[in-house]
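Each remark here refers to the structure printed beneath this line.
The values are calculated or read from the model by the stated rules, or taken from the named source; none is laboratory data. Fair warning: this is a prediction, and the values are worked out from it, not measured in the lab. Reconstructed Cβ throughout: ideal geometry from the backbone, glycine too, with neighbour counts over all protein chains shown.
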Amino acid sequence: MSESQQTRSDSASTNATKLCSGNLADLDNIWETLRREASRVAADEATLQHLVYDVILSRETLAAALGARLARRLAREDMPRSSMEPLLTGVFEAHPQIVHSAARDLRAMFERDPACFSPLEPVLFFKGFLALTTYRVAHQLWQDDRRWLALYFQSVASEAFAVDIHPAARIGCGILLDHATSFVVGETAIIEDDVSILHEVTLGGTGKQSGDRHPIIRSGVLIGAGAKILGRVEIGTGAKVGAGSVVLNDVAPHTTVAGVPAVVVGVPSEENPATEMNQKLDGCYHI
């Protein structure tokens, strides 16, 4: 890293971050919607009755439902469901902000993914949502100095969902992790609120330096499939990173970059690329 890059990195690291800022999720309304949808699934598809009853209809809260769903997916011989479910549910109940964060992720996925026809769908089937929620548990355990257990959940989530997020990374709310396969986030990465990320994205480091060495992703950013963002670079608010790009330098706010290595190709046609999910590199310069 050059001296100028180090200066930008230090400055970016000290800037205020938007991590789960704004209003809390309306958990009562979300929970009522999930139960209504689960009842419809149970009536329409007999083969899924046990699943929706176990995860939703037999539960009294979203915290209990999340604990049950993750335990079903993550239980292993070394930590069976009988041990894992009360552990997970206990973390959710002791830290309700995690449930609010998961609810905002759920809403983001339902609102931004045109293939998502029900808010129940991510809870039951979307590994992006389930992987993010597992990360949120692991992050809390990391903060509580239960680091071996946090790393355990990182490991089993990687096996179950093909998503590898270090529990020390800092991730905001309203995150859409679409498809999710091969998403990798390093230890010192920061992802602010309302970011959309597709599959095979890496937020990684370069070299063997210690300290802050992973990217900062500001709010409103859209990162296309297969993009690799490496080092302590900052992707500015409302920027767009084209699919398959390799980003090694800072990206200014409301700028579109693409290529290997990535260069500026224009400006997004949307004020907030993350919510619009427009993958085109429209507004490009001729370069």
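For the reader, a short list of remarks on this structure follows.
- Within the option set Ala65, Ala71, being without any contact (Cβ under 8 Å) to a residue 40 or more places away in the chain, more than 19 Å from Val195 (Cβ to Cβ) and not in a loop (DSSP other than H, G, I, E, B) holds for one residue only, Ala71.
- The set of residues in segment 79-94 that are surrounded by fewer than 19 Cβ atoms within 10 Å (Cβ to Cβ) and not charged (D, E, K, R) comprises Met79, Pro80, Ser82, Ser83, Pro86, Leu87, Gly90, Ala94.
- Residue in segment 211-234 that is more than 23 Å from Phe129 (Cβ to Cβ), among the hydroxyl-bearing types (Ser, Thr, Tyr) and part of a loop (DSSP other than H, G, I, E, B) present: no
- Of the residues Ala180, Ala225, Ala239, Ala162, the single one that is surrounded by fewer than 24 Cβ atoms within 10 Å (Cβ to Cβ), touching a Ser or Thr at 6+ places or on another chain (Cβ under 7 Å) and among the small types (Gly, Ala, Ser) is Ala162.
- Taken across segment 244-258, residues that are free of Cβ contacts under 8 Å to residues at least 12 places away in the same chain and either surrounded by fewer than 16 Cβ atoms within 10 Å (Cβ to Cβ) or in a helix (DSSP H, G or I) (or both) do not occur at all.
- Residue check, Glu32 at pLDDT 95 or above and exposed (fewer than 13 other Cβ atoms within 10 Å of the Cβ): yes
- Residues (of a type in the set (Lys, Arg) and over 20 Å from the mean Cα position of the chain (by Cα)) located in segment 73-103: Arg76, Arg81
- Just one residue in the set Asp44, Asp26 is out of contact with any Cys (no Cβ under 9 Å at 6 or more places or on another chain), modelled with pLDDT under 95 and more than 24 Å from Ser158 (Cα to Cα); that residue is Asp26.
- Residues of segment 178-190 that are touching a residue at least 60 places away in the same chain (Cβ under 8 Å) and either of a type in the set (S, T, N, Q) or within 17 Å of His139 (Cβ to Cβ) (or both): Ile190 alone.
- For Arg146, the conditions (1) touching a residue at least 12 places away in the same chain (Cβ under 8 Å); (2) in the same structural domain as Val91 (by TED's automatic domain parsing); (3) basic (Lys, Arg) are fulfilled apart from (1).
- Hits in segment 187-219 - residues which are under 20 Å from Ala160 (Cα atoms), in contact with a Gly (Cβ under 7 Å, 6 or more places away or on another chain) and surrounded by fewer than 20 Cβ atoms within 10 Å (Cβ to Cβ): Glu200
- Taking the conditions (1) under 17 Å from Leu124 (Cβ atoms); (2) of a type in the set (Gly, Ala, Ser); (3) touching a Lys or Arg at 6+ places or on another chain (Cβ under 8 Å) in turn, Ser101 satisfies each one other than (1).
- Number of positions in segment 259-279 that are buried (at least 22 other Cβ atoms within 10 Å of the Cβ) and within 18 Å of the chain's Cα centre (by Cα): 2
- Segment 164-196: number of residues that are part of a strand (DSSP E or B) and among the charged types (D, E, K, R): 2
- Which numbered condition Phe117 fails, given (1) hydrophobic (A, V, I, L, M, F, W, C); (2) free of Cβ contacts under 8 Å to residues at least 40 places away in the same chain; (3) buried (at least 19 other Cβ atoms within 10 Å of the Cβ): (3)
- Some residue of segment 133-152 being aliphatic (A, V, I, L, M), within 23 Å of Leu48 (Cβ to Cβ) and crowded, with 18+ Cβ neighbours inside 10 Å: no
- Count of segment 109-130 residues which are closer than 14 Å to Arg36 by Cα and of a type in the set (Gly, Ala, Ser): 1
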